[in-house]
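Derivation of every value follows stated rules applied to the coordinates shown; laboratory data play no part. All of these numbers come straight from a predicted model, not from anything done at the bench. Here the Cβ positions follow ideal geometry from the backbone for every residue, glycine too, while neighbour counts run over all protein chains shown.
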Amino acid sequence: MTYFVPSGALKLLLSERVRNAVDKRRIGRQALGAAEDESDIQAAKVARAEKKEELAEFDESIPWDEREVVAKRERDEQSKVEMELALLEKEVC
């Protein structure tokens, strides 16, 4: 048997399940944190930071140089101006 569930109700149900899963994960982390000593907590924080840094090495969307950041910002601004000009041109024609 197939049931019809309105999309809004489905989104609400799924978002509630996601919130419950996130809450359970947070509670689990808090329980583990309470059971660990301070040196273990600090070691875990360092390990997470190192993992994040290692993954960032391979993420090409993260700029590695300040000049690259400035160049990207200029390209983005230039492309926005070009899009606005194209829209104006369409309106005029």
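For the structure I just gave you, tell me whether residue 61 is of a type in the set (Ser, Thr, Tyr) and assigned to a helix (DSSP H, G or I). For residue 61, the condition - of a type in the set (Ser, Thr, Tyr) and assigned to a helix (DSSP H, G or I) - is not met.
Taking the criterion of being surrounded by 10 or more Cβ atoms within 10 Å (Cβ to Cβ) and among the hydrophobic types (A, V, I, L, M, F, W, C), the residues of segment 47-77 that qualify are 47, 49, 55, 56, 62, 64, 69, 70, 71.
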